[in-house]
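K.L.:
Take a look at the following structure, please.
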Amino acid sequence: MNISYRWLTELLPGLALTPRQVADRLAMLGAPVDEIVDLGGPLRDILIARVLRTERHPNADRLSLCTVDAGVAAPLQVVCGAANVKAGAYYPFAPVGASLPGGITIRKAKIRGTESQGMLCSERELGLGRDHQGILELHGEFEPGRSFIESAGLDDVRLVVDVTPNRPDLLSHIGIAREIAAAEGLTLRLHDLPGSTAAAEPHVAPHDDVYIARAAGVTVRIDDPDLCPHYFGLVIRDVQVGPSPEWLASRLRAIGLRPISNVVDATNYVLQELGHPLHAFDLDRLGDTVVVRRARSGERITTLDGTARRLTDEMLVIADAERPVAVAGVMGGADTEVHDGTRNILLECAIFEPRAIRGTRRALGLSTDASYRFERGVDPHGTMTAMARTASLILAVAGGTAESRGAFAGSDMPPLPEVALRLDRVEQVLGMRFDADTIRDHLRPLGFDVSVTDEHSLRVAVPGYRGFDVHREDDLIEEIARRHGYDAFPDELRPFRPSVVPTHPLFVVEDRLRTLLVARGMLEARTAAFAPASEGDVELLLPLAATESRLRRSLVPGLIHRAESNFARGARSVRLFEIGTVFAAAQDGALPAESTRLALVLSGPARRPHWTGDTPAFDVWDLKAVAEDVARALGLAVRAAQQDDRVAARDPAGDGGLPPGARDVIDPALSFRLSAPHDQDAIGYAGRVRDGVVDAPAWADDVWVLEVELSSDAGRPPVEFAELPQYPAVERDLALLVGVERRSAEVVDAIRAAGGVLLESAEPFDQYTGAGVPEDRRSIAYRLRFRAPDRTLTDAEVDAAVRRVLTRLGEDLGVQQRA
C-alpha cells in the first residue's frame, strides 16, 4: 500500500512525526514500511515552463521546435518529439545542467542541426509513471520558472506499507491515519476538498422490494443477494469530463497512480483515501436499468484494459437490460466507460462477497485495486460516506448536479458484531493485568465501543472496518497488546499459557528429540510427503508429477535423496534428521493410516577435523550411541538385529527381524532394532545403508540411517534417585580368556549374576590377542567395582566375591582367568 505523507498530515492535523518516525511507529503497530521514497529529491532541478509557440522542425517531420518561457530573461528554444505539446500550456522543464531520475544530466545539444536548450519531460522521464508517449501537461495556472515539485505538490514522501491480508482496513490512508492517531493521541478528520462543499450523505429512495430500487429514472435490481448484499447508485448529470486539477493529479501521482480524467480520478482518490472502491458509468450508454447478476455461461465483455474476456456462470457481473457492462468488483467494461463526451454518469458504490471476487479474479487472471480490496473485505457501513465523498469531489472538479435521491438496493446494514472480553483472559495471555479503564482507553481510539458488563468482563462492539479480522476474544487481546506496545511489556520470564488447550503429548516428544539431535550437531530437514511408486503405497488422485504419485511409506528414502544432493555438491559431512508423517495403505475401505516418525541420516567425519590427527568416519558404534540416546528419550531399548535367539527363530530370512521397509535398505549385519523394553517386535531400526542404494561418489563414506515410530505415550523411563555412597569402593581388574565366538555382553551378564549385591559395576576396558593367547581365544580385561552401603569392605569379602565370579564363568561359559 502506497501512502502519501502529505495526505497523512492533512488527515492528522498536528502530526509532528517525520516520515521515518511514522515508518517506525507503523512497524511497532504491525504494519512495517518496506520503503521510504522521497518523491521530490530526484526532481529538484525541474522547473515549470510555459510553451509560447510551436513550429515544425526544419530537418525532421516528427520533431517540433518549441519556444518556452522558463522564467529566465529570454525565451529558450527546445526540440521536442512529442505530438501533444501545444502553445499556452504548462509542462515540466529540465534546463541545461539539470539531473533527471536515473542519473541523466541535460546538456545543450544540436538535434538535426538545431540547438536545444533543455528538455520538456514526460511522466516516465520524471519517474512519476509509465507514460512515455507524450509530455506531462500540467492543468491550472502556474508561474514559469518556479520549482516543479512545489508547484505540482510533489514535495512529498511515499511510504510503501506492507499490509497483511487480515487487515483490509489498512488499505487506505484513513486506515493508516487511524492507527497513528490512536498511537499519538491525535484527532482524525476528513479534510475539506478544494472547491467542494461539505459532503452530505445522499438520501435513499423509498422502495417496496428490498432488492429492487428506483431513483432518478434508473432501476437497480440485485438478482444474487448472496454475492452482492448492497448496491447503491447515484446519478450525476451535466458533468464536464476533462483533465483533473493539478492538486488531484499530483496526489495520485504521489502514490504511483496515473491520472486519467477528473471523474475517474475522483473515484480513485476516494478509493485510496477511504478504502472503498467505486465506479462511474456513462449513464447514456448504460441505459436506465442496472442488474447485478451472475454471468451467463459464454457471455463476453471487453474490459477497460481493452481485453475481450469470456465469462462463466460463477462470475458476478453488473449488467444493463441485456448485456454485462462490468465484472463486479474487478473492472468496468469499455462500452460504458467515462470519456471526454460523457455528460451524465451513474456512480456505483456496492458490497460484494469476498470469495466470489477472489474466484473471478483468479479465473480471469485480472487483479485490480478494487478486487484487491473486495477480496479482503470492505466496510459495508462506510458505503454512504464513500458515496457522499466521491459525489462531492466530482461536483468540485467536473461540475454537474447530483440527484437528491439515490437508488439503494439490498438488505439493511448488518449490526456491528459484539465480542465478550474477560479481564482474566487478557492477563492470562499477555502476562499483565489490565483494568477496564485501560482497555477502554486502548480500544476506543481504534473505533471499538467498549461497555462494562460486570467487574470481570467487558462487551466490545467491533467497527465495520474491523469486522473482517476481529471475531473473537483473542483478536481483541491482540489489539490491546498493539496499543500497549510490544516493547513496553516486561522482559522477565513470567508464567503464562496462551491457550486453554494443553500441549499434545506427541509435540512434547518431538521437541525433546529436536533438542537432543540439534545438540549432537544435526540439522532438521523438511521433505515433501510425495514419493515415487517404489517408495509409497497410497496413490494420489491428482499427483503434481508422475514421479511423485504416491504418499511415502518411510522417511529414510527422502533423507537418502537429500544426502545424495549433498554429495553432488561436494559436501562429505551429512547430519540430517526429520520428524514427519508416513502413510500406510488403507485396509477394508478405511482411510490410509498415518503415523509420525523420526528419521536421520549420517555420513562423513564423526567429529570436526583437527590438526592433531585424522578424523574417523561415522561407524556402527557412533550410530549405536545416537540410537541409544534416541531410545533413552523414548523409553525404548536398542538390540542388535542378530543377537536374540528368539528373533532368529522367527526370522528364517536372516534379516534380523527388521521392519519390512528396512530390509531392502540396510545391512542386517550392521544394524540395530529399537523396541519396547519388554517387547521383541521392532518399532524402529538403525544401520548401515546397503551398497548400491545410495548414488554416492567414490570418496563418500558409508551412509548410516535410523528410523523409529513416535507415539504420544512415549516417555523417558522413570528417574530413580540414590544417595551418594558414604564408603569407598574396591576395584579388581580381571584378564579373562574368552572364546572368539563368545560375546562380551554374555560375560558381563555372568559377572553381574555371580558378583552378588556387593558388585556395583562390571565393564570391559581392554582386549588383547597375540603371543600368549590361544588362537581360539581373546584376552578381555574387565574392571569390577565392589561397594557396601553401610561399611568399608575388607579384602577377604572382595576376594570371596571374585572367586565366585571366576567359578561361575568357568562352569557356565568356559571362561578362565589369564595367567
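Table: residues versus (1) in a loop (DSSP other than H, G, I, E, B); (2) at pLDDT below 95.
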{"position": "L271", "(1), (2)": "no, no"}
{"position": "G298", "(1), (2)": "yes, yes"}
{"position": "G306", "(1), (2)": "yes, yes"}
{"position": "D335", "(1), (2)": "no, yes"}
{"position": "G341", "(1), (2)": "yes, yes"}
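K.L.:
Identify all residues within segment 139-157 that are out of contact with any strand residue (DSSP E or B) (no Cβ under 6 Å at 6 or more places or on another chain) and of a type in the set (D, E, K, R); write none if there are none.
P.N.:
Across segment 139-157, the qualifying residues are E141, E143, E150, D155.
K.L.:
Go through the residues of segment 466-474 one by one and say whether even a single one is open to solvent by 10 Å² or more (accessible area, probe 1.4 Å) and part of a helix (DSSP H, G or I). Write out each step before concluding.
P.N.:
Of segment 466-474, the ones open to solvent by 10 Å² or more (accessible area, probe 1.4 Å) are 467-469, 471-474.
Now narrow it down to the ones that are part of a helix (DSSP H, G or I): 473-474.
Yes, segment 466-474 contains a residue that is open to solvent by 10 Å² or more (accessible area, probe 1.4 Å) and part of a helix (DSSP H, G or I).
K.L.:
For segment 1-45, what are the residues that are polar (S, T, N, Q) and either closer than 13 Å to V160 by Cα or part of a helix (DSSP H, G or I) (or both)?
P.N.:
Result: N2, S4, T9, Q21.
K.L.:
With (1) in contact with an Asp or Glu (Cβ under 9 Å, 6 or more places away or on another chain); (2) among the small types (G, A, S); (3) open to solvent by 60 Å² or more (accessible area, probe 1.4 Å) as the list, and G103 as the residue in question, which single condition is left unmet?
P.N.:
With respect to (1) in contact with an Asp or Glu (Cβ under 9 Å, 6 or more places away or on another chain); (2) among the small types (G, A, S); (3) open to solvent by 60 Å² or more (accessible area, probe 1.4 Å), G103 is out only on (1).
K.L.:
Also: Checking the structure you have, find out if any residue of segment 59-75 is among the acidic types (D, E) and surrounded by 13 or more Cβ atoms within 10 Å (Cβ to Cβ).
P.N.:
Checking segment 59-75: at least one residue is among the acidic types (D, E) and surrounded by 13 or more Cβ atoms within 10 Å (Cβ to Cβ).
K.L.:
Moving on. So, in segment 491-512, exactly how many residues are modelled with pLDDT of 75 or more and open to solvent by less than 90 Å² (accessible area, probe 1.4 Å)?
P.N.:
Residues in segment 491-512 being modelled with pLDDT of 75 or more and open to solvent by less than 90 Å² (accessible area, probe 1.4 Å): 9 in total.
K.L.:
Do the conditions hold for L541, that is, is it open to solvent by less than 20 Å² (accessible area, probe 1.4 Å) and either in a helix (DSSP H, G or I) or free of Cβ contacts under 8 Å to residues at least 40 places away in the same chain (or both)?
P.N.:
Considered against the rule, which asks whether it is open to solvent by less than 20 Å² (accessible area, probe 1.4 Å) and either in a helix (DSSP H, G or I) or free of Cβ contacts under 8 Å to residues at least 40 places away in the same chain (or both), L541 comes out as no.
K.L.:
For residues that are without any contact (Cβ under 8 Å) to a residue 40 or more places away in the chain and not in a loop (DSSP other than H, G, I, E, B), scanning just segment 106-122, find the one that is surrounded by the most Cβ atoms within 10 Å (Cβ to Cβ).
P.N.:
For segment 106-122, the residue satisfying everything is S116.
K.L.:
Scan segment 318-331 residue by residue and report those that are free of Cβ contacts under 8 Å to residues at least 60 places away in the same chain, among the aliphatic types (A, V, I, L, M) and open to solvent by less than 20 Å² (accessible area, probe 1.4 Å).
P.N.:
Correct list: I318, A319, V325, A326, V327, V330.
K.L.:
Do the conditions hold for D265, that is, is it touching a residue at least 60 places away in the same chain (Cβ under 8 Å) and open to solvent by 30 Å² or more (accessible area, probe 1.4 Å)?
P.N.:
No: the conditions fail for D265.
K.L.:
Checking L347 against (1) closer than 27 Å to W247 by Cα; (2) surrounded by fewer than 23 Cβ atoms within 10 Å (Cβ to Cβ); (3) modelled with pLDDT of 95 or more, which test does it fail?
P.N.:
Every condition holds for L347 apart from (2).
K.L.:
Among the residues of segment 84-105, which ones are in contact (Cβ under 8 Å) with a residue 60 or more places away in the chain and more than 27 Å from L39 (Cβ to Cβ)?
P.N.:
none
K.L.:
Looking only at segment 38-56, decide whether some residue is of a type in the set (V, I, T) and in contact with a helix residue (DSSP H, G or I) (Cβ under 9 Å, 6 or more places away or on another chain). Step through it out loud before you land on a result.
P.N.:
So the first thing to find is which residues in segment 38-56 are of a type in the set (V, I, T), and the list is 46, 48, 51, 54.
With in contact with a helix residue (DSSP H, G or I) (Cβ under 9 Å, 6 or more places away or on another chain) added as a condition, the list becomes 46, 48.
Yes, because at least one residue in segment 38-56 is of a type in the set (V, I, T) and in contact with a helix residue (DSSP H, G or I) (Cβ under 9 Å, 6 or more places away or on another chain).
K.L.:
Please work out if P229 is in contact with a helix residue (DSSP H, G or I) (Cβ under 8 Å, 6 or more places away or on another chain) and under 28 Å from V327 (Cβ atoms).
P.N.:
On the way: in contact with a helix residue (DSSP H, G or I) (Cβ under 8 Å, 6 or more places away or on another chain): yes; under 28 Å from V327 (Cβ atoms): yes.
Criteria met by P229.
K.L.:
On the basis of being within 30 Å of P414 (Cα to Cα), free of Cβ contacts under 8 Å to residues at least 60 places away in the same chain and surrounded by fewer than 16 Cβ atoms within 10 Å (Cβ to Cβ), does A461 make the cut?
P.N.:
yes
K.L.:
How many residues does segment 754-801 hold that are part of a helix (DSSP H, G or I) and open to solvent by 20 Å² or more (accessible area, probe 1.4 Å)?
P.N.:
5
K.L.:
Please state which of the following conditions D192 fails to meet, knowing it meets all the rest: (1) open to solvent by 10 Å² or more (accessible area, probe 1.4 Å); (2) touching a residue at least 40 places away in the same chain (Cβ under 8 Å); (3) not β-branched (V, I, T).
P.N.:
Going through the list (1) open to solvent by 10 Å² or more (accessible area, probe 1.4 Å); (2) touching a residue at least 40 places away in the same chain (Cβ under 8 Å); (3) not β-branched (V, I, T), D192 breaks only (2).
K.L.:
Mind checking which residues of segment 802-819 are in contact (Cβ under 8 Å) with a residue 60 or more places away in the chain and either assigned to a loop (DSSP other than H, G, I, E, B) or open to solvent by less than 60 Å² (accessible area, probe 1.4 Å) (or both)? Walk me through how you get there before you give the answer.
P.N.:
Quick first cut of segment 802-819, residues in contact (Cβ under 8 Å) with a residue 60 or more places away in the chain only: 802, 805-806, 809, 812-818.
Those that are in contact (Cβ under 8 Å) with a residue 60 or more places away in the chain and either assigned to a loop (DSSP other than H, G, I, E, B) or open to solvent by less than 60 Å² (accessible area, probe 1.4 Å) (or both): V802, V805, L806, L809, L813, G814, V815, R818.
K.L.:
Looking at (1) farther than 24 Å from E299 by Cβ; (2) at pLDDT below 95; (3) open to solvent by 30 Å² or more (accessible area, probe 1.4 Å); (4) outside any helix (DSSP H, G or I), which is the one condition that is false for F408?
P.N.:
Only one criterion is unmet by F408, namely (3).
K.L.:
Could you tell me whether S554 is of a type outside the set (A, V, I, L, M), farther than 21 Å from W704 by Cα and open to solvent by less than 30 Å² (accessible area, probe 1.4 Å)?
P.N.:
Criteria not met by S554.
K.L.:
Six or more apart or on different chains, Cβ atoms under 6 Å: show the pairs whose first residue is in segment 569-588 and farther than 23 Å from F530 by Cα and whose second is open to solvent by less than 50 Å² (accessible area, probe 1.4 Å) and not in a strand (DSSP E or B).
P.N.:
R572/G604; S573/G604
K.L.:
A follow-up question, please. If I filter segment 80-87 for residues that are among the small types (G, A, S), touching a Cys at 6+ places or on another chain (Cβ under 9 Å), modelled with pLDDT of 90 or more and outside any loop (DSSP other than H, G, I, E, B), do I get at least one hit? Walk me through how you get there before you give the answer.
P.N.:
Keep residues of segment 80-87 that are among the small types (G, A, S), which gives 81-83, 87.
Within this subset, residues satisfying the condition of being touching a Cys at 6+ places or on another chain (Cβ under 9 Å) are 87.
This time we only want the ones that are modelled with pLDDT of 90 or more, so: 87.
Okay, now just the ones that are also outside any loop (DSSP other than H, G, I, E, B), so none.
Looking for residues that are among the small types (G, A, S), touching a Cys at 6+ places or on another chain (Cβ under 9 Å), modelled with pLDDT of 90 or more and outside any loop (DSSP other than H, G, I, E, B), one finds none in segment 80-87, hence no.
K.L.:
On the basis of being within 20 Å of A182 (Cα to Cα) and either open to solvent by 80 Å² or more (accessible area, probe 1.4 Å) or modelled with pLDDT of 90 or more (or both), does H456 make the cut?
P.N.:
For H456, the condition - within 20 Å of A182 (Cα to Cα) and either open to solvent by 80 Å² or more (accessible area, probe 1.4 Å) or modelled with pLDDT of 90 or more (or both) - is not met.
Every residue, every condition in (1) open to solvent by less than 10 Å² (accessible area, probe 1.4 Å); (2) without any contact (Cβ under 8 Å) to a residue 24 or more places away in the chain; (3) within 21 Å of M1 (Cα to Cα), yes or no:
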residue	(1), (2), (3)
G333	yes, no, no
V338	no, no, no
Y372	no, no, yes
D379	no, no, yes
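K.L.:
Restricting the first residue to segment 302-317 and requiring it to be touching a residue at least 24 places away in the same chain (Cβ under 8 Å), which pairs with a second residue that is exposed (fewer than 14 other Cβ atoms within 10 Å of the Cβ) meet a Cβ separation below 7 Å and a spacing of at least six or different chains?
P.N.:
What qualifies is T302/A308; R309/R300; T312/S297.
The values are calculated or read from the model by the stated rules, or taken from the named source; none is laboratory data. Here the structure is a predicted model, which is why all the values come from computation and not from measurement. Don't worry about glycine lacking a Cβ; one is built from the backbone with ideal geometry, like all the others, and counts go over all protein chains shown. Note: accessible area is taken over every heavy atom of the protein model, side chains too, but ligands, DNA and RNA are not part of it. Shrake-Rupley method; radii C 1.70, N 1.55, O 1.52, S 1.80 Å.
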